[in-house]
């Protein structure tokens with residue numbers, strides 16, 4: 001099996017078949033999520049089924065869609081995939097479902113979005129050679145994965161012990177799952193930064209941060 | 001009310017198990033030894049002879065151009081020392097014009113027996129590569145070839161998305177079938193796309209030949225060119241697997257590095273520089289590519305045109321460039337004993353205003369120096385040079 005052969009952990013890059021698989025699966029998740037956002041929320045569960053089926057149909061019928069998306073936007077990150085799955089899970093199970101924790105506040109904090117925005121800006125400036133350090137190359141190093149593993153453990157333990165809002169548990173779980181998937185597959189590119197954050201998710205983080213951080217603060221100041 | 005499949009009290013336990021599972025996967029995953037810092041292959045086990053050579057042009061001509069392709073550019077030579085029939089392979093891109101959708105990668109082989117280039121064949125096109133990647137490719141170009149320890153040819157090709165060369169990515173294809181007597185031309189399969197940057201992997205290009213490492217691997221020189229320009233180096237295993245990356249973001253306005261090894265750990269890389277600079281710039285590393293510093297510029301004029309460098313088995317350095325004074329209407333070659341002090345130029349090609357002789361490639365094969373370059377953007381010219389000892393150095 002080409003994929004199994006390519007899952008040799010000593011190889012830094014994922015095999016081509018795996019790249020193609022994740023490219024299709026993550027875009028399917030993103031297109032499904034986009035579809036769900038456009039539909040009225042009369043039935044959460046059926047919304048996801050319908051949109052996933054429609055997205056799958058689009059990708060199968062118009063076979064140029066996936067290459068066109070890949071040509072411009074490449075493959076979204078594993079974090080985007082996990083986030084889409086987490087949203088779908090929450091939608092299907094209903095807003096009352098908590099991963100664990102005592103509070104029912106599941107909307108991600110603007111501070112988390114701000115952190116994502118900040119990390120993305122660092123990576124962008126690094127890509128354009130405007131920082132004195134080479135951040136992106138760190139994404140090939142094993143120690144980054146260990147660091148993520150420890151931090152996600154620390155984060156969730158803190159959230160559990162201090163009974164923090166449930167979004168902590170959900171965000172830490174997404175991060176851990178994205179890291180775990182990367183450890184197992186090296187998808188989508190072999191660099192863990194590409195597994196954690198893609199420019200699309202980063203742009204979406206801007207929108208969320210502005211919407212729930214800046215605008216709501218302005219609104220509450222005026223109220 | 002729907003019943004949860006997992007009781008809330010068990011969720012922390014499941015989370016802990018997943019966390020431990022990821023930890024175990026990390027533990028059993030073999031740690032990569034830092035690939036950066038491996039010594040370079042030296043051209044010969046014997047020290048430089050000390051003999052000063054003069055260079056004699058032995059033969060020259062044009063490599064056949066595919067009939068349906070009036071334009072050609074960016075050739076790259078690779079030696080095939082163990083091939084029974086062919087000693088060199090030349091790759092270049094050809095089509096109606098640079099950065100057009102019909103541009104493909106052509107290949108021709110130098111036959112030892114017939115002492116001529118084989119008719120060109122197409123080996124890579126954007127449709128095949130795009131279909132294999134699952135990502136659309138608008139144009140391809142700049143092939144760079146390398147031979148791994150299994151004698152498989154690897155090709156690194158620039159592929160663009162929306163936005164032309166500034167939106168380029170570097171694609172990796174590899175020979176899939178061994179050449180046989182009946183079928184001497186290799187077929188290629190797509191390996192993937194090199195991960196070189198976070199921002200949609202945009203604007204990374206390849207141009208110069210790789211520098212071989214002592215263990216059989218290689219260092220591939222690359223560059224970034226959207227807004228600012230800086231060089232990069234990618235490390236590959238002896239089997240051609242991507243292993244690591246060093247991005248020289250502190251070097252500005254320099255691209256297309258042309259690396260050569262002074263010794264195992266001391267490397268130089270000549271740079272295509274951009275205005276207002278007008279002299280050839282050189283980078284130096286004394287720890288096998290882990291850290292690079294810009295050296296004082298050389299006394300050779302150059303601006304915004306590709307350079308090529310090569311260390312010969314004799315220990316001698318060779319360099320080809322377009323002098324700034326003649327832009328790309330003149331292509332010259334120099335030789336050196338230390339990589340820093342260069343001989344007077346040897347003329348490779350020159351023409352009138354508007355002509356172009358550019359993008360040289362240098363390769364040593366069958367005890368001769370081979371040069372290929374773009375000829376008027378209409379074809380690929382080649383030359384073969386022979387070294388003639390001139391003066392013996394004093395003991």
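Each value in this text was obtained by applying a stated rule to the coordinates, not by laboratory testing. None of these values were measured; they are calculated from a predicted model.
Our compactness index for the stretch B:339-395, the C-alpha radius of gyration over the empirical 2.2 N^0.38 Å, is 1.42.
Take every pair of alpha-carbon atoms less than 8 Å apart whose residues are at least six positions apart; their mean separation over the length of the stretch A:56-215 yields a relative contact order of 38 percent. The mean sequence distance of close C-alpha pairs (under 8 Å, at least 6 residues apart), as a share of the length of chain B, puts its relative contact order at 17 percent. The spread of Cα positions in the stretch A:2-222, taken along each principal axis and listed from longest to shortest, comes to 53, 45, 33 Å. Computed from Cα atoms, the angle from the helix B:11-28 axis to the main principal axis of chain B rounds to 30 degrees. The Cα-based radius of gyration of the stretch B:112-238, divided by its Kirkwood radius, gives an Rg/Rh of 0.99.
So what's the stretch B:53-389 giving for Rg/Rh, alpha carbon basis, Kirkwood Rh from the mean inverse pair distance?
Using Cα coordinates only, the ratio equals 0.93.
Express the Stokes-Einstein translational diffusion coefficient of the protein assembly as shown in µm² s⁻¹, to the nearest whole number, given a Kirkwood radius over alpha-carbon pairs, 4 °C and a viscosity of 1.567 mPa s.
Numbers: Rh = 26.4 Å.
Estimated via Stokes-Einstein, D reaches 49 µm²/s.
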